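Below is one structure; the comments refer to it alone.
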Amino acid sequence: MGFPIFFFLLFCLILSCSYAEHVQDFCVADYAAPQGPAGYACKDPAKVSVDDFVHSGLGVPSNTSNVFKFGFTAAFASNFAALNGLGVSVGRSDIEVGGVVPIHSHSGATEVVVIGEGSSIIGGFIASNNKVYQKILNKGDTMVLPQGLYHFFVNQGKTPAVIFVAFSSESPTVQLLDTALFQNDLSTDIIARTTLLDPPQIQKLKRRLGGTN
Ligand SMILES: *[C@@H]1O[C@H](CO)[C@@H](O)[C@H](O)[C@H]1NC(C)=O
């Protein structure tokens with residue numbers, strides 16, 4: 001190993017810089033290869049085509065048959081191979097009239113939304129000091145939801161809403177407050193003690209969202 005290479009690798013180790021970011025234009029995900037801790041392996045560049053960089057599917061509405069009347073279609077690194085390693089992704093939210101995007105957060109990913117269709121959509125987020133930032137959005141409006149903060153949308157307009165979203169992560173995580181609390185087997189007693197909610201209300205929401213205990 002030559003001295004310069006050694007120092008480059010040492011530097012990478014110290015700065016945890018990615019080989020792909022510095023040496024390759026892209027690292028299209030190779031879904032067939034085993035996944036490492038850093039994500040997908042790179043597809044052989046000779047086998048990469050323009051189709052890896054194009055994703056179709058956000059033109060059709062997402063399934064909104066649920067209690068929130070809300071659907072989401074993702075174009076993340078897991079189904080849009082070229083996003084791998086690039087730190088961005090997109091998606092489409094559909095909200096029926098009277099529907100909502102329930103309060104949720106994405107750890108480590110900032111989100112930018114563009115209202116594609118609809119009007120009178122309340123978009124909001126809650127800062128870590130509990131201050132609420134909310135505004136009525138209409139078609140063409142854009143809002144940014146800073147990383148990690150709880151946010152939500154409420155479609156109080158007269159038509160279904162379509163919201164296109166972008167994330168500063170190729171594989172953003174999502175955690176919904178309601179499903180985290182009421183769609184699993186966390187006991188009613190623990191939820192009641194840790195949230196101060198009344199047990200009957202917890203039981204009601206567990207039944208509605210499919211939780212137990
Ligand atoms: C939409 O989701 C519901 C609930 O998960 C499911 O029953 C239904 O089959 C889905 N509809 C379509 C068109 O996929």
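Values in this text are rule-based calculations from the coordinates and carry no lab data. These numbers were taken from a predicted model, which means no experiment stands behind them. Ideal geometry is used to build each Cβ from the backbone, glycine not excepted, and the neighbour counts take in all protein chains shown.
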Taking the range 28-80 and the residues there that are touching a residue at least 12 places away in the same chain (Cβ under 8 Å) and part of a helix (DSSP H, G or I), the one that is farthest from the ligand (Cβ to nearest atom) would be P45
Given the conditions (1) within 19 Å of K69 (Cα to Cα); (2) out of contact with any Lys or Arg (no Cβ under 8 Å at 6 or more places or on another chain), which single one is not true for G99? (2)
For the list (1) touching a strand residue (DSSP E or B) at 6+ places or on another chain (Cβ under 9 Å); (2) of a type outside the set (F, W, Y); (3) over 15 Å from V101 (Cβ atoms), I need the number of the one condition that K158 fails. (1)
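Looking at the range 46-84 only, could you name the residues that are of a type in the set (F, W, Y) and farther than 20 Å from T173 by Cβ? Reasoning before the result, please.
So in the range 46-84, the residues of a type in the set (F, W, Y) come out as 53, 68, 70, 72, 76, 80.
Answer for the range 46-84, where residues must be of a type in the set (F, W, Y) and farther than 20 Å from T173 by Cβ: just F53.
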